[in-house]
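Here the structure comes first, spelled out in structure tokens, and everything after it is commentary.
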Amino acid sequence: MIKTCNTDRNAFEIFIFANLFHIGIKHIFVFMKFIKIFKIHIKKISLIAFFALMPWLVKSQYCYKTPPFEKKISVSRSLIQADSIKHSKKKKNKNGFYFGANLGFYFANSYTAQYYNGSGINIDGSKANNLNNVLNSPYNRQEIINLLGYDFDNPGEEQLPSKMKYNPGFLIGPYIKYYIKNFGIFAQFNFAKLKTNDIFTIIIHDQFYNTSEPTYKQEAIYGAEQRANIDIGFSYTFNTGGKNKPYIEFGYNLNNTKFLESKIKIEGTEYSIVNPYYSYHQIDQAGVGMGAFGGGGVELIFNESISINPGFNIYYSKINLGTYYDKYKLNYSFFVRAILNGLL
């Protein structure tokens, strides 16, 4: 039996492996070359297809017909946008004259109400409307005795009211403002009639009650005046983006007071306690005062033409009534302002 050498066998295996490796490498290079050529052709084919289809794509882009319902939607959107732009322009365009009226109540400081308490003594010591001058008149005294049924003593200072107050007065007046964006220059003329009333006490001689204690009788005392406030000021409206916009205002106050009456009523009969000298010579017991004011409120916008503005003003001013013109005092007004927007 012939034996094969191991060395020859190993050399043969190496030879076979080398040939196979060479063939494999050769095929790999051929395959890679084919892939490269294929990629180049793919690129060329894509470019040719793109340029071939471009005219059709352009034509389809510009010749596309919008369906009817899409046309309606686009038109409606355009109208809505145009309307909103128009509305926003109108909303922002606030420049112009605004006209309106104030309706409300005026609350006057009680300091000047003491002028009607019947003492007739002004703060400078002078006498104006003195209750006892009326009671001491011979004709009036006898008539009052008949009304009371008894004789009486004139009231002293302690029997006169010391804390008279005004009743709230109904306020009304025109209003005009020129709007410049959120700022405004305005003037308002508010008028109010003020009344004050209290009681005073007289001592009667009641013969049926023999006691050491006097008998008192309370009767009515009251007065009235007209007051006008002319306000010139500035306002600023805060733009909140909604229909309710807060605002503030301030300015100069010029006021005028007109004295109307100062009376008492005893058992249903009225007597004027105005100084006869003042009445005869038609001397005005009131006049012009001045001060400042500030306030605010809310604009309630109903539409482009009408707004309702509830608000208030605080006045720090002097009121010229008799000689009660030495101090600045606080007065208040609460109102509802009806506005016609931007007429001019």
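Summary table below
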quantity: Dipole magnitude of the range 216-296, debye to nearest 20 (Cβ charges: Lys/Arg +1, Asp/Glu -1, about Cα centre); calculated: 300 debye
quantity: Phi-based couplings in Hz for the range 194-201 (Karplus 6.51, -1.76, 1.60; Gly and Pro marked x); calculated: 10, 10, 9, 8, 7, 10, 10, 10
quantity: Asn132-Ala187 FRET efficiency (beta carbon distance; Förster radius 51 Å; 0.05 resolution); calculated: 0.70
quantity: Contour excess over end-to-end distance, with Cα ends at Gln218 and Gln282 and 0.36 nm allotted per residue; calculated: 19.9 nm
quantity: Length gained when the stretch Tyr332-Gln142 is fully extended (0.36 nm per residue, less Cα-Cα span); calculated: 64.0 nm
quantity: Distance in nm between pseudo-label sites at Ile199 and Thr240 (7 Å out along the Cβ direction from Cα); calculated: 4.7 nm
quantity: Anisotropy class of the range 95-340 from Cα gyration tensor, a/c 1.5 cut; calculated: prolate
quantity: Chymotrypsin sites (Phe, Trp or Tyr not before Pro) restricted to the range 132-207 and DSSP loop, no more than 13 other C-beta within 10 Å; calculated: none
quantity: Simple spin-label estimate for Phe97 and Asn167 in nanometres, 7 Å along Cα-Cβ; calculated: 3.8 nm
quantity: Formal net charge of residues neighbouring Gln159 (Cβ-Cβ distance under 11 Å; K, R +1; D, E -1); calculated: -3
quantity: Net +/- balance of residues flanking Tyr315 in space, Cβ distance below 9 Å, scoring K and R +1, D and E -1; calculated: 0
quantity: Point-to-point label distance, Ile232-Glu270, nm (Cα→Cβ direction, 7 Å offset); calculated: 3.8 nm
quantity: Counted charge near Thr112, where neighbours are those whose Cβ lies closer than 10 Å (Asp, Glu -1; Lys, Arg +1); calculated: +3
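None of the figures in this text is laboratory data; all of them are computed from the coordinates on show. Predicted model only: the values in this text are computed from it and were never measured. So basically every Cβ, Gly included, is an ideal-geometry build from the backbone, and we count neighbours across all protein chains shown.
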